[in-house]
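I have placed the structure first, in the form of structure tokens, so that the comments after it can refer back to it.
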Amino acid sequence: MKADSDLFEFLLRMGDNTLVLGHRVSEWCGHSPVLEEDIALANVALDLIGQTRMWLDFAGDVEGKGRDADALAFRRDVWDFRNILLVERPNGNFGDTLMRQFLFDAWYHAILSRLAGSSDDRIAAIAAKAVKEAAYHLERSADLVVRLGDGTTESHAKMQAALDDFWPYTGEMFAADTIDTSLTSRGVIPNLAEVRDEWDETVNRVLADATLEIPDGTYQHKGGKQGTHTEHLGHILTEMQFLQRAYPDASW
Amino acid sequence: MMQKHKPSTEQIREWLDAVPDPEIPVISLVDLGVIRDIEWQGDRLRVTVTPTYSGCPATGIINLDIETALRDRGIRNIEIVKTLSPAWTTDWISEKGREKMLAYGVVPPQTGTACTSNSPAPEVKCPRCNSENTKLVSQFGSTPCKSSYCCKECLEPFDYFKCI
Ligand SMILES: [Zn+2]
């Protein structure tokens, strides 16, 4: 039987998003402004990396070449990663990290709640599991975006700068290519336009509460879903993959 | 000890009800609601387990503890399989487990309050003085399954089991 390459690509996109963002967020461990936030960020990272295992194990099974989640996470190079560019953006300050998280969470929750009804049973099961964690993450990131956006003059300015910086990286979440449209027509994934409608609704509501203004520009970066990445991803992989590259098959 | 005849699945469930959850050791794996099925397939015992949180570091330990407990009872041929569906929620925690958790000082999740992105904050009572005058300190706590609260009456800091 021929491997389902569209499905494989889609699962890499999901798993690489959670893997790269999970790794990024884990970089905060021990550096957050207060202990509670440090723990919260580490826990969010843990959830994302746990979800990565479900997505990438499934991707490996679909590919049928004997690669599991570890092999896919640690033995691929930059051009084989399929995450969106947003998640590889550097952490910046605490407000930058939260804004990136909120923009991601709003998308991830919207797509997961629809994937829970996927025609593919295993995707539906993974999504039903992950959506509850995503809801919890979204609740927290939205709350903090409002508190910091509608906070002091300085926190407001930082959150507006963060929004301006990340906004051009949000369009990629909804830019459907032939892989997406083919999977949508098979009922495996939702129509990304529908996901966009929910994301717009959430983002508009929360940013209004946060007294932040959506930037005017319409330019949107893209390429990550097809394997064209910014320089940042290579630096992430250098650190994340070091051990398996230096000591292949090391385990403990 | 050699296994002369196969113990019943009810018996095995009872044994697993004595295996503590690695993170809240006063409740058992059965109380936690992660044991989904126990079934003999010929001479092989298949135990179906569901994870709590996707990234819960205790998942591997839970599987190991199940295997160890059953081996101690003389069962050698064990298969542990994972199932994701239906997804675990805090509503799977048993009534007995909730009572033990509260006595231990961790406030159990309120049934039917599984989190949605716009759910109202639950009223969480202090496990020490029973006051409702408490506040959420952080949505995340000492382990992935708990959030941090503080009682404004007696000033006790305490954990509340997150609802998902
Ligand atoms: Zn109290």
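Report, by chain and number, residues whose modeled amide H sits under 5 Å from the one on B:SER28, excluding near sequence neighbours (fewer than 5 apart, same chain).
Placed amide hydrogens put B:ASP21 under 5 Å from B:SER28.
Could you compute the FRET efficiency for A:ALA71 and A:THR178, with r as their C-beta to C-beta distance and R0 at 35 Å, rounded to 0.05?
After rounding, the FRET efficiency stands at 0.85.
Please report the spacing between the Cα centers of region B:1-65 and region A:133-153 in Å, no decimals.
38 Å
Determine the dipole magnitude for region A:1-94: charges of +1 sit on the beta-carbon of Lys and Arg, -1 on that of Asp and Glu, nothing else is charged, the reference point is the Cα centre, and the result goes in debye to the nearest 20. Present the calculation step by step, with values, prior to reporting the outcome.
Details: 10 positive and 17 negative charges, 50 e Å.
With Lys and Arg at +1 and Asp and Glu at -1, about 240 debye.
Keeping all protein chains in place, calculate the accessible area per residue for chain A (probe 1.4 angstrom), answer in Å².
Using a 1.4 Å probe on heavy atoms only, each residue of chain A averages 42 Å².
Quote the total accessible area buried by chains A and B together, excluding ligands, DNA and RNA, probe 1.4 Å, nearest 100 Å². Display every interim value, and only then the final one.
On the way: alone 11680 and 9220 Å², together 18780 Å².
Using a 1.4 Å probe, the pair buries roughly 2100 Å².
Anything losing 50 Å² or more of accessible area from the isolated chain to the full protein assembly: pick those residues out of region A:33-60, probe 1.4 Å, ligands and DNA/RNA ignored.
Those residues are A:GLU36, A:ASN43, A:LEU46.
Expressed as a rounded percentage, what relative contact order does chain A have, with Cα pairs under 8 Å and six or more residues apart?
In percent, rounded to a whole number, it is 25.
Specify the angular offset, from 0 to 90 degrees and rounded to the nearest 10, of the alpha carbon long axis of helix A:121-149 from the longest principal axis of the alpha carbons in chain A.
Tilt relative to chain A: about 20 degrees.
What is the helix-to-structure angle for A:5-26, meaning the angle in degrees between its Cα long axis and the longest Cα principal axis of chain A, kept from 0 to 90 and rounded to the nearest 10?
Compared with the principal axis, the helix lies near 40 degrees.
For region A:229-243, in order, what is each residue's ³J(HN,Hα) by Karplus, 6.51 cos²θ - 1.76 cosθ + 1.60 with θ = phi - 60°, in whole Hz (x at glycine and Pro)?
10, 7, 4, 5, 4, x, 5, 4, 5, 3, 6, 5, 9, 3, 4
Based on a Kirkwood Rh over C-alpha pairs, give the Stokes-Einstein translational diffusion coefficient of region A:162-234 at 25 °C and viscosity 0.890 mPa s in µm²/s. Let's see the in-between values first.
On the way: Rh = 14.1 Å.
Calculated translational D: 175 µm²/s.
Can you give the three extents of the C-alpha atoms in region A:4-146 along their principal axes, from longest to shortest, in whole Å?
Its Cα atoms span 45, 32, 21 Å along the three principal axes.
Take the Cα atoms of region A:213-252, find their three principal axes, and give me the spread along each one in whole Å, biggest first.
So the extents along the principal axes, rounded to whole Å, are 50, 23, 15.
Which far-off residues, 5 or more places away or on another chain, put their amide H under 5 Å from the one on B:ARG36, with H placed in the peptide plane?
The answer is B:THR48, B:VAL49, B:THR50.
Find the all-direction average of the projected area of the Cα convex hull for region A:86-175, expressing the result in square nanometres with one decimal place.
So the Cα hull casts an average projection of 6.1 nm².
Three principal axis extents, largest first, for the C-alpha atoms of the protein assembly as shown, in Å?
Taking the Cα atoms of the protein assembly as shown, the three principal extents are 74, 65, 42 Å.
Just how many % of Cα pairs in region A:129-252 lie over 25 Å apart, if you round to the nearest whole percent? If you can, show how the numbers build up before the last one.
Details: 3554 of 7626 pairs.
Counting pairs separated by more than 25 Å, the tail of P(r) holds 47 percent.
Can you order the peptides B:122-128, B:137-143, A:28-34 by their average number of other Cβ atoms within 10 Å per residue, highest first?
Ranked from most to least packed, the peptides come out as B:137-143, B:122-128, A:28-34.
Apply the Karplus curve 6.51 cos²θ - 1.76 cosθ + 1.60, θ = phi - 60°, to the phi angles in region B:72-79 and return the couplings in whole Hz, x for Gly and Pro.
Values, residue by residue: 4, 8, x, 8, 9, 9, 10, 10 Hz.
Relative contact order (percent) for chain B, with alpha-carbon contacts under 8 angstrom and 6 or more residues of separation? Walk me through the numbers before you get to the answer.
Working: 274 pairs, mean separation 29.3, N = 164.
Dividing the mean separation by the residue count of chain B yields 18 percent.
Could you tell me what percent of the accessible area of the protein assembly as shown is made up of carbon and sulfur, with a 1.4 Å probe and every protein chain present?
52 percent
Each residue of region A:29-39 in order: what ³J(HN,Hα) in whole Hz does its phi give by Karplus 6.51 cos²θ - 1.76 cosθ + 1.60, θ = phi - 60°, with x for Gly and Pro?
4, x, 10, 6, x, 9, 4, 4, 6, 4, 5
Please give the charge dipole size of chain B, origin at the Cα centre, charges +1 on K and R Cβ atoms and -1 on D and E Cβ atoms. Round to the nearest 20 debye. Don't skip to the end; give the middle numbers.
Numbers: 19 positive and 21 negative charges, 44 e Å.
It works out to roughly 220 debye.
The values are calculated or read from the model by the stated rules, or taken from the named source; none is laboratory data. Predicted model only: the values in this text are computed from it and were never measured. Here Cβ is always computed from backbone atoms with ideal geometry, including for glycine, and neighbour counts include all displayed protein chains. Just so you know, the surface numbers come from the protein's heavy atoms only, side chains and all, with ligands and any DNA or RNA stripped out. Shrake-Rupley method; radii C 1.70, N 1.55, O 1.52, S 1.80 Å.
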